[in-house]
1. Restricting the search to the stretch 168-177, which residues are among the basic types (Lys, Arg) and either part of a strand (DSSP E or B) or farther than 17 Å from PHE316 by Cβ (or both)?
2. With the checklist (1) of a type in the set (A, V, I, L, M, F, W, C); (2) under 25 Å from the mean Cα position of the chain (by Cα); (3) exposed (fewer than 15 other Cβ atoms within 10 Å of the Cβ) in hand, flag the one item ILE150 doesn't pass.
3. Could you go through the stretch 334-348 and let me know if any residue there is in a helix (DSSP H, G or I), buried (at least 19 other Cβ atoms within 10 Å of the Cβ) and in contact with a Ser or Thr (Cβ under 9 Å, 6 or more places away or on another chain).
4. So if I check each of ILE49, ILE127, ILE115, ILE58, which one is at pLDDT 90 or above and out of contact with any strand residue (DSSP E or B) (no Cβ under 6 Å at 6 or more places or on another chain)?
5. Only one of ASP63, ASP74 is at pLDDT 95 or above, closer than 19 Å to LEU175 by Cβ and surrounded by fewer than 23 Cβ atoms within 10 Å (Cβ to Cβ). Can you tell me which?
6. Where the second residue is among the aromatic types (Phe, Trp, Tyr) and buried (at least 16 other Cβ atoms within 10 Å of the Cβ) and the first is without any contact (Cβ under 8 Å) to a residue 60 or more places away in the chain and lies in the stretch 235-264, which pairs have Cβ atoms under 7 Å and are six or more apart or on separate chains?
7. I need a count of the residues in the stretch 45-82 that are farther than 27 Å from PHE336 by Cβ and among the aromatic types (Phe, Trp, Tyr).
8. Given the options ILE157, ILE116, name the one that is among the β-branched types (Val, Ile, Thr), surrounded by fewer than 16 Cβ atoms within 10 Å (Cβ to Cβ) and part of a strand (DSSP E or B).
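The values are calculated or read from the model by the stated rules, or taken from the named source; none is laboratory data. All of these numbers come straight from a predicted model, not from anything done at the bench. Every residue, glycine as well, gets a Cβ built from its backbone with ideal geometry; the counts of neighbours run over all protein chains shown.
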Amino acid sequence: MRTITFADIFCGCGGLTNGFHRNKNFKGLLAVDCWPIAGRVFSENHPEIPFQLRDLYIPEEVDAVSQQLKEKCDVLLGGPPCQGFSTLGKRRNKDKRSSLVEVFLDICVNVVPKIIVVENVRGITSIKHRTGKTFPEYIQEVLSEGNGSIGYDARAIQVNTLEYGLAQTRIRWFLIAARKDLNTEFHVLNKSIQEIEDQKTIVRRNLRDVIGDLPQINSGGGDNVIIDHVDGVERTIFNHRAMNHSTKLIKRFSYVPVGGGLLDVPRDLLTDHLKKMVNGAYGNGGHIKNIYGRLDWEKPCGTIVAGIDKITCGRFLHPSSNRLLTPRECARIQSFPDSFRFFGSLVNQYYMIGNAVPPEISRVIANAIAKTFGYSNS
């Protein structure tokens, strides 16, 4: 039985690819992104899959990708940049990046793969496309029509990573589409969705389960490569390097108990901006309570976000050290294997990890597709 071919458009550092690559039934044909450092990380971790640096706002680049994959790609993966749909900042209805959804759909219609997997933040469900439809409605309509002769049946699902064994409350929107000629005969779409559902687990993991064994380091400590020993066995740990916080910031952190945050820091240690936050100048919602938020060893983490380095973006203080989580701790929470190495500045590493699809969720989807087509999981 031949392998199932796949390609990853807007691949970033390779979270979606990693899960499919771990299932030996799949073979990667191509990965595409516009960010050089993400391309380096992708290629270092997936050297057998060709990576191409392309600007998909340029029609000729889109055509080049489509021609390479046409009649060769079984499964097309895509995570068009989600910043235009995110609820963590101002949602920009006319964000240029939102049009990359249309670019991805053009590639889908031209390549005509058997299966299409689209991933985005769940905020996409309420954002309007310029046609007046929501983006999910627009995507399903375009795929249903296809290229005129071959169209797709599609279903959207929301995946909560907690239900698949991750120590993270991350909910993401996925759309799975199956070519109508295959779906009519084999019920591919319903089978795939059911296989994803069947892989849920009752196991609930916390931060201690996921990052508790990593070396304890303080602000500015750690390194990009650490040689460690556990029970006499040597191991190499990548990207376990902490941001070097100022003395003032560390002092503020020291007042924050487990489950606490900005409101626990003495007022005389706060900047004028932080005092305004405490006074409610920017609202009194949950975000204020989560600033400088310290995590709990016995609970999961919230969603790992791309802007974690900004300190005030959420509850990301280490449970017992006065510092932000390291990239390796974030990668563990995101389910990246320890062998997966990141490059670039700390800011770049956080950005790539936060934007990635958790590889374990990608593996779940890969397993579901493989089983639907009669392949055993591996």
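1. Kept after step one, since they are among the basic types (Lys, Arg), are these residues of the stretch 168-177: 170, 172.
Correct list: ARG172 only.
2. The single condition ILE150 does not satisfy is (2).
3. Checking the stretch 334-348: at least one residue is in a helix (DSSP H, G or I), buried (at least 19 other Cβ atoms within 10 Å of the Cβ) and in contact with a Ser or Thr (Cβ under 9 Å, 6 or more places away or on another chain).
4. Just a single option satisfies the conditions, and that option is ILE58.
5. Details: ASP63 fails: closer than 19 Å to LEU175 by Cβ.
The unique qualifying residue is ASP74.
6. What qualifies is ARG252/TYR292; GLY261/TYR292; LEU262/TYR292.
7. Of the stretch 45-82, the ones farther than 27 Å from PHE336 by Cβ are 57-64, 66-68, 70-72.
Within this subset, residues satisfying the condition of being among the aromatic types (Phe, Trp, Tyr) are 57.
Adding up the residues that qualify gives 1.
8. Working: ILE116 fails: surrounded by fewer than 16 Cβ atoms within 10 Å (Cβ to Cβ).
Every option except ILE157 fails the conditions.
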